[in-house]
1. Go through the stretch 87-110 and give me each residue that's surrounded by 18 or more Cβ atoms within 10 Å (Cβ to Cβ) and without any contact (Cβ under 8 Å) to a residue 40 or more places away in the chain.
2. Select from the stretch 20-43 the residues that are modelled with pLDDT under 80 and of a type outside the set (D, E, K, R) and list them in ascending order.
3. If the requirement is being under 29 Å from K85 (Cβ atoms), at pLDDT 80 or above, in contact with a strand residue (DSSP E or B) (Cβ under 6 Å, 6 or more places away or on another chain) and of a type outside the set (V, I, T), which of these qualifies: K98, K143, K104?
4. Do you know which residues across the stretch 155-178 are within 27 Å of K134 (Cα to Cα) and among the acidic types (D, E)?
5. May I ask you to list the residues in the stretch 135-159 that are over 19 Å from the mean Cα position of the chain (by Cα) and either surrounded by 11 or more Cβ atoms within 10 Å (Cβ to Cβ) or over 15 Å from R117 (Cβ atoms) (or both)?
6. Could you please find all residues in the stretch 49-80 being part of a loop (DSSP other than H, G, I, E, B), surrounded by 14 or more Cβ atoms within 10 Å (Cβ to Cβ) and not hydroxyl-bearing (S, T, Y)?
7. Look at I126 and say whether it is open to solvent by 30 Å² or more (accessible area, probe 1.4 Å), among the aliphatic types (A, V, I, L, M) and without any contact (Cβ under 8 Å) to a residue 40 or more places away in the chain.
Amino acid sequence: MTPNIYPTYDNSMFELSYKFYGKDDCLYVKETVELKELEYLFYCAEHEHKTVCFIRTNTICPKCGKKLHFNGKSERNWDKKRPVKLQNYIHKNCNVHKKASLAKFRDKHCCYTHQVRDGGTNSALISYRSYESKSEELNHYYKTNISPSTIYYSEITSFWKYYDDLVKIQQDEIKKKRNKTLRTLFIR
């Protein structure tokens, strides 16, 4: 087994095994990293003037089972404010091209992470506010530049999902209380 020549962040809470140097001054992070850990790594990388580069956890060719090879990096923006890189992989014999993914954090064609995009929907569940005031609050809190129309369209797509989840939680709580009262009636 060959040693990993690229320094990586290993997604462990107790031992932070990442370094801020390498071939191209990137901080290599597995695509399965948790969001709260990633915010700290963004802060560290920004302080050291480095770029966060996401790498795949599975670097095996799906056709032949051999290891994929590095094939450059592509650049994306994280919440339209900081650049991140995605490691590209290739297996020339099988003509397989893969790339690290940000699917855990955002939808395919969306510029903002789930956390930022759903901020407007979360505040709409509490009380009514205009889209302009939601935009101002999210821009101040996340230091981004999300427009009121983006908040509007994300609410349209995600509001009913949130509503269904809340109804399900409420129904589960009602069932638990019913079962609890039925148990106390039969025990007496």
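1. Y89, H91, R106
2. Restricting attention to the stretch 20-43, the residues satisfying the condition of being modelled with pLDDT under 80 are 20-25.
Scanning the stretch 20-43 gives F20, Y21, G22.
3. Numbers: K143 fails: in contact with a strand residue (DSSP E or B) (Cβ under 6 Å, 6 or more places away or on another chain); K104 fails: in contact with a strand residue (DSSP E or B) (Cβ under 6 Å, 6 or more places away or on another chain).
None of the other options fit; the residue is K98.
4. Looking only at the stretch 155-178, we keep the residues that are within 27 Å of K134 (Cα to Cα), and these are 155-170.
Matches in the stretch 155-178: E155, D164, D165.
5. At the first step, the residues of the stretch 135-159 found to be over 19 Å from the mean Cα position of the chain (by Cα) are 135-137, 140, 147-149, 152-153, 156, 159.
Within the stretch 135-159, S135, E136, E137, H140, S147, P148, Y152, Y153, F159 meet the criteria.
6. Here is the first cut: in the stretch 49-80, the ones part of a loop (DSSP other than H, G, I, E, B) are 49-50, 56-59, 61-66, 68, 79-80.
If we keep only those that are surrounded by 14 or more Cβ atoms within 10 Å (Cβ to Cβ) as well, we get 50, 56, 59, 61, 68, 79.
Those that are part of a loop (DSSP other than H, G, I, E, B), surrounded by 14 or more Cβ atoms within 10 Å (Cβ to Cβ) and not hydroxyl-bearing (S, T, Y): K50, R56, C61, L68, D79.
7. For I126, the condition - open to solvent by 30 Å² or more (accessible area, probe 1.4 Å), among the aliphatic types (A, V, I, L, M) and without any contact (Cβ under 8 Å) to a residue 40 or more places away in the chain - is met.
The values are calculated or read from the model by the stated rules, or taken from the named source; none is laboratory data. Everything numeric here is computed off the predicted structure, so don't read it as measured data. Backbone-built Cβ (ideal geometry, glycine too); neighbour counts: all protein chains shown. All accessible areas refer to the heavy atoms of the entire protein, side chains included, with ligands and DNA or RNA removed. Shrake-Rupley method; radii C 1.70, N 1.55, O 1.52, S 1.80 Å.
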